[in-house]
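The values are calculated or read from the model by the stated rules, or taken from the named source; none is laboratory data. Treat the numbers as computed from the prediction; the structure is a model and nothing was measured. Neighbour counts run over all protein chains shown; Cβ positions are idealised from the backbone, glycine included.
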Amino acid sequence: MSESDRPRSGASRRAAVKKSATGKPAAKSLPLKVDVIIEAPAWLAALAMEEAILTRRLRAAARRALATALADRWRGSAVGLDCCLVLSSDAKVRRLNRDYRGKDKPTNVLSFAALDGGRPPRNQPWSLGDIILALETCRKEARGQGKSLEHHLLHLVIHGVLHLLGYDHEADAQAERMEGLEISALKRLGIDNPYLTM
């Protein structure tokens, strides 16, 4: 910032602080590197979308989840974060669900949080973990709930990222908080509250 760009009085400095839509200071942005792996190319056909566009939308959803968590006072690395999104199949997710959770059936999304073993120092980049999504289950759920597959997928990405950040929904209060964050993040992406149609 040049000398002429600096606010000169306390009142000017306060006026220069960015505000969010609620009037509170806006949450600080934090870089999130999102690797996207499309293991099951059928995702592209099911979404009728080019890989570059899909990748951009997935990254936007993951970053929106982080921004929503930061606004909720989540604190982690002050340097940056990374995670991996894997678009896979029911067969792969079923194997992972069986091997890691003891449930021999597919599920819509699995989150493998790297921070479950503890948090590294805040002055280092953090690897959050991996999110794996099963096409066939996601498609079936979207149809059953009267949603587009894309909207359901983006919701599950947000849900998965929140899990990687440490949010959970085991208790009612936790579930309400996590759902509220999901609804807020989806709204910023122009997607309606997914819990109204369930």
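So for the stretch 97-106 (the condition being under 27 Å from Ile53 (Cβ atoms), in a helix (DSSP H, G or I) and either at pLDDT 95 or above or of a type outside the set (A, V, I, L, M) (or both)), does at least one residue qualify? I'd like the intermediate steps shown before the answer.
Going residue by residue through the stretch 97-106, those that are under 27 Å from Ile53 (Cβ atoms) are 106.
Within this subset, residues satisfying the condition of being in a helix (DSSP H, G or I) are none.
Checked against the condition, which is being under 27 Å from Ile53 (Cβ atoms), in a helix (DSSP H, G or I) and either at pLDDT 95 or above or of a type outside the set (A, V, I, L, M) (or both), the stretch 97-106 yields no hits at all.
Flag set for Ala142, criterion: part of a helix (DSSP H, G or I) and either charged (D, E, K, R) or crowded, with 16+ Cβ neighbours inside 10 Å (or both).
Within the stretch 80-93, residues that are in contact (Cβ under 8 Å) with a residue 40 or more places away in the chain and farther than 16 Å from Leu54 by Cα sit with their Cβ atoms under 8 Å from residues that are hydroxyl-bearing (Ser, Thr, Tyr) and outside any strand (DSSP E or B), at 6+ positions apart or across chains, in these pairs: Asp90/Thr137; Val93/Thr107; Val93/Thr137.
Checking each residue in the stretch 37-54 for being among the β-branched types (Val, Ile, Thr) and either more than 17 Å from His151 (Cα to Cα) or buried (at least 17 other Cβ atoms within 10 Å of the Cβ) (or both) picks out Ile37, Ile38.
Could you say which residue among Ala71, Ala113, Ala91, Ala61 is more than 12 Å from the chain's Cα centre (by Cα), under 23 Å from Gln145 (Cα atoms) and among the small types (Gly, Ala, Ser)?
Details: Ala71 fails: under 23 Å from Gln145 (Cα atoms); Ala113 fails: under 23 Å from Gln145 (Cα atoms); Ala61 fails: more than 12 Å from the chain's Cα centre (by Cα).
Of Ala71, Ala113, Ala91, Ala61, the one residue that is more than 12 Å from the chain's Cα centre (by Cα), under 23 Å from Gln145 (Cα atoms) and among the small types (Gly, Ala, Ser) is Ala91.
Taking the numbered list (1) at pLDDT 95 or above; (2) assigned to a helix (DSSP H, G or I); (3) in contact with a Phe, Trp or Tyr (Cβ under 8 Å, 6 or more places away or on another chain) in turn, Thr55 passes all entries but (3). When the residues of the stretch 161-198 are filtered to those that are without any contact (Cβ under 8 Å) to a residue 60 or more places away in the chain and hydroxyl-bearing (Ser, Thr, Tyr), the one that is surrounded by the fewest Cβ atoms within 10 Å (Cβ to Cβ) is Thr197.
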